[in-house]
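Down below is the structure, laid out as structure tokens.
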Amino acid sequence: MERNQPDNLPQADAITFIPSSRRKLFRRGFNITEIMARRLAKQLGIPLIPNALCKTSGNDQRGLSASQRHRNLRNSLQPGKQDLRGKHIVIIEDVMTTGATANAAASALKQQGAGIVGIWALARTPPPQWQHT
């Protein structure tokens, strides 16, 4: 099991996470990316910004193509009301599939002034060409 963090993570000014929809949060009772982000921020002594991203709808991404995911996220992931001018923000995500969520989140953070946005995902869904026949 790999336990090394990205080299530039300690250089980040703050950590945030992909928020869950209200429906998913109600159903699960927790947001795994928030738990990971809180623990990581505490361990590294980096501030956590919990409201940097807002989820406005609960449309599930599972089973959608890359273009459908981008369309689905267009209005569902919105910027918070943070002053992130020039800051290096790291987004914590559990699973990255097409990168649509990471793209939308980075865009929302840049709208709040973030200078550098990175994403640290726990897992990556392999693209179709990686699958063995």
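Each row is one residue, and each column tells you yes or no for (1) modelled with pLDDT under 90; (2) part of a strand (DSSP E or B).
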residue	(1), (2)
Leu84	no, no
Thr98	yes, no
Thr101	yes, no
Ala106	no, no
Ala114	no, no
Gly118	no, yes
Ala121	no, yes
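Whenever a residue of region 91-104 is in contact (Cβ under 8 Å) with a residue 60 or more places away in the chain, its partners that are aliphatic (A, V, I, L, M) and part of a loop (DSSP other than H, G, I, E, B), lying with C-beta atoms within less than 8 angstrom and at least six residues away or across chains, give the pairs Ile91/Ile18; Ile92/Ile18; Glu93/Ile18; Asp94/Ile18; Thr101/Ile18.
Checking each residue in region 16-38 for being outside any helix (DSSP H, G or I), surrounded by 15 or more Cβ atoms within 10 Å (Cβ to Cβ) and either among the hydrophobic types (A, V, I, L, M, F, W, C) or at pLDDT 90 or above (or both) picks out Thr16, Phe17, Ile18, Pro19, Asn31. Filtering region 68-82 to residues that are modelled with pLDDT of 85 or more and either open to solvent by less than 60 Å² (accessible area, probe 1.4 Å) or in contact with a helix residue (DSSP H, G or I) (Cβ under 8 Å, 6 or more places away or on another chain) (or both) leaves Gln78, Pro79, Gly80. Is it the case that region 49-67 has a residue that's at pLDDT below 85, outside any loop (DSSP other than H, G, I, E, B), open to solvent by 30 Å² or more (accessible area, probe 1.4 Å) and not acidic (Asp, Glu)? Scanning region 49-67 turns up at least one residue that is at pLDDT below 85, outside any loop (DSSP other than H, G, I, E, B), open to solvent by 30 Å² or more (accessible area, probe 1.4 Å) and not acidic (Asp, Glu).
The values are calculated or read from the model by the stated rules, or taken from the named source; none is laboratory data. In this text the structure is predicted, and so the values were computed from the model without any measurement. Quick reminder, even Gly has a Cβ in these numbers, built from the backbone with ideal geometry, and neighbours come from all protein chains shown. Note: areas computed on protein heavy atoms with side chains; ligands, DNA, RNA excluded. Shrake-Rupley method; radii C 1.70, N 1.55, O 1.52, S 1.80 Å.
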